Amino acid sequence: MLRIVLVVLLAFAGASPSVAATPRAANGSGTPIFAVVMTRHGVRSFTHAPAAYTWPDWAPVSPGYLSAHGYRLMTYLGRFYRSYFTSEGLAMSCDHAGPYVYADVDQRTLESGRALIEGACGSPTAVPLFHDATMGPGINDGLFDGVDWLVAAGKVDSEASHAAVAAAAPMPPSALVAQHAAEFAALQSLLDARCSGTCPPADSGDSAIAAKGKGLAALTGPVDTGSSYAESMFLEQAQCAPAVDPAKLEAAMRLHVLEYDVNARNAYNSSVRGGNVFAHIVGLLEEKAGVPHPDVAVPDVSHAGVAFISGHDTQLGALGGILDAHWAPGGGIAPDDMPPGGALIFELYRTAASELRVRVRFAYETFAQFRSNSPLADGIATVPVHLAGCSGEDCSVPLARFAALSRALARRGFVQHDWTPESDAPVDLAPLADPAWTRCN
């Protein structure tokens, strides 16, 4: 079954000129139909404080929770999206044609969904916030991450996962440490201020590929450790901790991207984690285009011009791997990074020749915006997402190409047919808070 998807991916990369990805006309020729925004939640506290070095106390924000500052930043994104889609020809009203918003069951994803609604519509209850109706302690929404239900179904191939990680890393894997010495040096410079040279270097330890994460393999060692340190430091800075050198932080965050490249964006792990959500994104696009999508059921979006799915960087990394997608944000954000609030936008439109095409862009907040208490004129931007065979400013691909990849993932067993049982019932969440050391501009 692995060959099926590899054939599709190779076809994606080597399409003939007649069907290859082509730039969307600069004058916007084509009728916009629908857009799906797969977004990461906003700024959160640490889920687990990294070891060895001294890290700030996020109390009273619970572990892994969206902060009040993170919520505010997400409202800026909601305001941005309303303006952006209106300019793209997809007016996003907040009445009968309001956006469809669906969130994972975590506090940080639910609150991020509410913040997007508030920013776009002026009130967090202006349109329904849908979520899994079976949510409760220990319940995971299978739409977002396929690992749990695939493990339960005996469909995770640990050998294929190990081979995919090995293919994404050099041999020996420890060579990555030497290849990225500059990024490790930048990270170490930031860490030394916390430890006065008494803690072990971030690049110390052995690199190895090991089973991790319920049957999925991962590269462990300095790259994994460095990624954790760098992201934790970025979250501190995004929460307005005392400033560090932003150039060094951006360099350090390249280790976070590197770890995702090897462990999450590889050919197998990305399909396990993101195959289901990708197939349902494609199903939403096909539903609005009037195209059959037998592999997946989707919610009613007949009234909506835009659908928001509030999830995690796990989904963005997996989608990047499935599509071999790359983006270059700037503004203090490392290439291919997925900062809080970052999102992949899938825009569906019909050309003058009646061809259904999809344009993909990456939306993000700049480093300056993360550290500000007000929306900045240049604080939010979108950049093109480069897919295989498509690297122009406004490139797009046929919807049929995404559909073929979705079908291949379904044939491999990585796709659940049903959308999760959705509910728009209110969810009782704790009041939002910020740690005492938050000092935003």
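The values are calculated or read from the model by the stated rules, or taken from the named source; none is laboratory data. Only a predicted model underlies this, so the values are computations on that prediction, with no experimental measurement involved. Cβ coordinates were reconstructed from backbone atoms using ideal geometry, including for glycine residues, and neighbour counts include every protein chain displayed.
Points worth noting:
- Odd one out for HIS41 among (1) more than 29 Å from LEU191 (Cβ to Cβ); (2) in contact (Cβ under 8 Å) with a residue 60 or more places away in the chain: (1)
- Taking the range 174-205 as the range and being within 28 Å of ASP145 (Cβ to Cβ) and of a type in the set (Asp, Glu) as the test, only GLU183 passes.
A quick yes/no check of all residues on (1) in contact (Cβ under 8 Å) with a residue 60 or more places away in the chain; (2) under 16 Å from THR420 (Cα atoms); (3) touching a Leu at 6+ places or on another chain (Cβ under 6 Å):
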| position | (1), (2), (3) |
| --- | --- |
| ARG82 | no, no, no |
| ASP106 | yes, yes, no |
| VAL127 | no, no, no |
| VAL151 | yes, no, no |
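- Residue in the range 205-214 that is touching a residue at least 40 places away in the same chain (Cβ under 8 Å), in a helix (DSSP H, G or I) and under 19 Å from the mean Cα position of the chain (by Cα) present: no
- Unique residue being farther than 17 Å from ALA381 by Cβ and part of a helix (DSSP H, G or I) when the list is GLY113, GLY119: GLY113
- Qualifying residues in the range 273-284 (those that are touching a helix residue (DSSP H, G or I) at 6+ places or on another chain (Cβ under 6 Å) and not small (Gly, Ala, Ser)) - the one surrounded by the fewest Cβ atoms within 10 Å (Cβ to Cβ): VAL277
- Filtering the range 393-423 to residues that are charged (D, E, K, R), closer than 24 Å to THR109 by Cα and loosely packed, with under 14 Cβ neighbours inside 10 Å leaves only ASP418.
- For the range 145-204, the set of residues classified as in a loop (DSSP other than H, G, I, E, B), β-branched (Val, Ile, Thr) and surrounded by 14 or more Cβ atoms within 10 Å (Cβ to Cβ) consists of VAL156 only.
- Residue in the range 94-103 that is under 21 Å from ILE281 (Cα atoms), surrounded by fewer than 18 Cβ atoms within 10 Å (Cβ to Cβ) and over 17 Å from the mean Cα position of the chain (by Cα) present: yes
- Subset of the range 382-404 that is of a type in the set (S, T, N, Q) and in a strand (DSSP E or B) - its residue that is nearest to GLU88 (Cα to Cα): THR382
- Leading residue by the ranking (surrounded by the fewest Cβ atoms within 10 Å (Cβ to Cβ)) among those in the range 290-338 that are in contact with a Pro (Cβ under 8 Å, 6 or more places away or on another chain) and of a type outside the set (A, V, I, L, M): PRO335
- Residue in the range 234-241 that is of a type outside the set (A, V, I, L, M, F, W, C), crowded, with 20+ Cβ neighbours inside 10 Å, at pLDDT 95 or above and not in a helix (DSSP H, G or I) present: yes
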